[in-house]
Amino acid sequence: MFENDADANSSPNQNNNTQNDHTDSYAEYLARATQACDQGDSVLGMHLYLAAFERAAQDSRMIDAVVIEGMRRAWQLACQHKERSLAEYIFERLEPYLTSEEITQCASQLQKLALDKLEEFGLTKEDLEDMTEMISQDFNAGSLFGKGGQSGKLLSGSAQSPSTQAFLLPTLGSVGEKKSEPVLANPSYKDLIGFGAAIKTMQSFGVGIDDDPGFDEFVKTLHARHGLSRVPISDAFLFRCPAREDANQFMMATVTEMRLPSICMRMEENLQGMPVLCVMTSTNNQPHLNLARNAIEGAAVLVLEDIDLWGPPLSDFMADDMGAFFFSHLSRGAREAMNLIRSAIENPEVYVFMSAGEEEPIDEYFLDLLEPLTTVDVDLPTEKERADIWLDVARKHPSLLAIENERLVQYSSGMSRLDIFLAAREAVEEAYKASLSSRTYVPVTQSNIFEKIALYQPLESDEYIQLEDAVVGSFVTELDQIDDLLKGNKE
């Protein structure tokens, strides 16, 4: 697999006066490793080659070619003896000294060893095919991070969403593309309702006002006078809100405003309940990736969704043999994902956006990695913003026009934007189903919409108590109307 960089049987000149006792130490390990292999004890030789590398790495920043060649020999022996965990460890230590082609070959060999190991546990070829199909359906490209969980390896899989596709880091192969529906673009600021204050905050950073001719002229003047070709990137942006879904929606609209290729990372759970870091990019606007360096090249946006739910990559493995097998080779993928994040932070052309709620603290590992941060507070909608939301809802669903807007604004205090839209949607759908059942138009009633809003309010809140009274009052009024209608019919 590897080209020989040096003769494995050679050793440094023992008479070289520039070598110290430490150099003699790793040279001795190499000599003993070669001797053990010549005598047929390849397992001992493999571990001696490893010892030589560790001693050389400890004693010097530069590793001699003969030591690297010893590690190559150790890799071959580990694969020959099907020592999967040891081969993974050797690969991680040897990787910086390998070419891209050699890395790909090593990854393929590790995959083969993994399949061989599974067969040893009694899994047939058909079982492995079923497992592979299940994994490919369940995982996007991702790695296991998770608070309190294990680190993970990037797994290849098909994209689940029509608007995203699996993104694979180097050495992990490719994914067969699936036919999908046309991609729907994320909303921009002009599509958002109820985010007025947050939009003004981002406009102070020069985001979201590109359509303003006066601003465009001002930016051109700044380019000329400061000698820059583009607006300089500030710190990483953290979009934070008590309702994380609002923070995510506003963050993605901000990504649209940037008009740059983007990569999104977010945590999900697979069918086994394990956390998976999904790495995705838009199918119609992908950033340029340097696979050899595992880095983004050129202007782009890296999105880290719900960063407060991430935990640092860990290397704790399960105790049982099967668990140890699965988790012992997962650290490489987690490292690749973190390297991609680091390269984005260090790249002056890449914006880094993060979202978070307010209940969970962000892990110190990521704070140290991502600081300095500029926090953009996306607060819950104000009274004015709630009024805008309910007016927009009524425009889209005319059956709500009969409901008093002021009361809807009052009772939805403290709700997220998404919860308001969901409550309205549920009320409209319920009225629609009632219309189908009765074969006559049934509008959304006050008691109906108040009921739906109450489902999203805390039981101890003032709004919930007011909603209870309003629902009862609306129900009594509706009964009186029905009673009047019945009396009219009798007359």
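Overview of values
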{"item": "Long-range neighbours under 7 Å by Cβ, at least six apart or interchain, first residue assigned to a loop (DSSP other than H, G, I, E, B) within region 201-213, second polar (S, T, N, Q) and at pLDDT 80 or above", "result": "Val207/Thr254; Ile209/Gln203"}
{"item": "Pairs with Cβ under 9 Å, 6+ apart, first in region 60-87 and more than 18 Å from Gln105 (Cα to Cα) and open to solvent by less than 30 Å² (accessible area, probe 1.4 Å), second of a type in the set (S, T, N, Q) and part of a loop (DSSP other than H, G, I, E, B)", "result": "Val66/Ser10; Val66/Ser11"}
{"item": "Pair list, Cβ < 7 Å and 6+ apart or interchain, from region 34-50 residues that are in contact (Cβ under 8 Å) with a residue 12 or more places away in the chain and part of a helix (DSSP H, G or I) to residues that are polar (S, T, N, Q) and open to solvent by 80 Å² or more (accessible area, probe 1.4 Å)", "result": "Thr34/Asn9"}
{"item": "Residue check for Phe317: open to solvent by less than 30 Å² (accessible area, probe 1.4 Å), touching a Phe, Trp or Tyr at 6+ places or on another chain (Cβ under 7 Å) and either more than 22 Å from Lys200 (Cβ to Cβ) or at pLDDT below 95 (or both)", "result": "no"}
{"item": "Region 444-474: number of residues that are touching a Phe, Trp or Tyr at 6+ places or on another chain (Cβ under 7 Å) and part of a helix (DSSP H, G or I)", "result": "10"}
{"item": "Residue in region 212-223 that is at pLDDT 85 or above and in contact with a Lys or Arg (Cβ under 8 Å, 6 or more places away or on another chain) present", "result": "no"}
{"item": "Single condition Gln481 does not satisfy, out of (1) open to solvent by 60 Å² or more (accessible area, probe 1.4 Å); (2) over 17 Å from Val409 (Cβ atoms); (3) assigned to a helix (DSSP H, G or I); (4) at pLDDT 60 or above", "result": "(4)"}
{"item": "Test result for Val279, in contact with a Leu (Cβ under 8 Å, 6 or more places away or on another chain), modelled with pLDDT under 90 and either farther than 22 Å from Pro372 by Cα or outside any loop (DSSP other than H, G, I, E, B) (or both)", "result": "yes"}
{"item": "Criterion (among the aromatic types (Phe, Trp, Tyr) and within 24 Å of Asn339 (Cβ to Cβ)) met by exactly one of Tyr49, Tyr97", "result": "Tyr97"}
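The values are calculated or read from the model by the stated rules, or taken from the named source; none is laboratory data. It should be emphasised that the depicted structure is a prediction, and the values quoted were computed from it without experimental measurement. With ideal geometry, Cβ positions are generated from the backbone for all residues, glycine too; neighbour counts draw on all protein chains shown. The accessibility values were calculated without ligands, DNA or RNA, using every heavy atom of the protein model including side chains. Shrake-Rupley method; radii C 1.70, N 1.55, O 1.52, S 1.80 Å.
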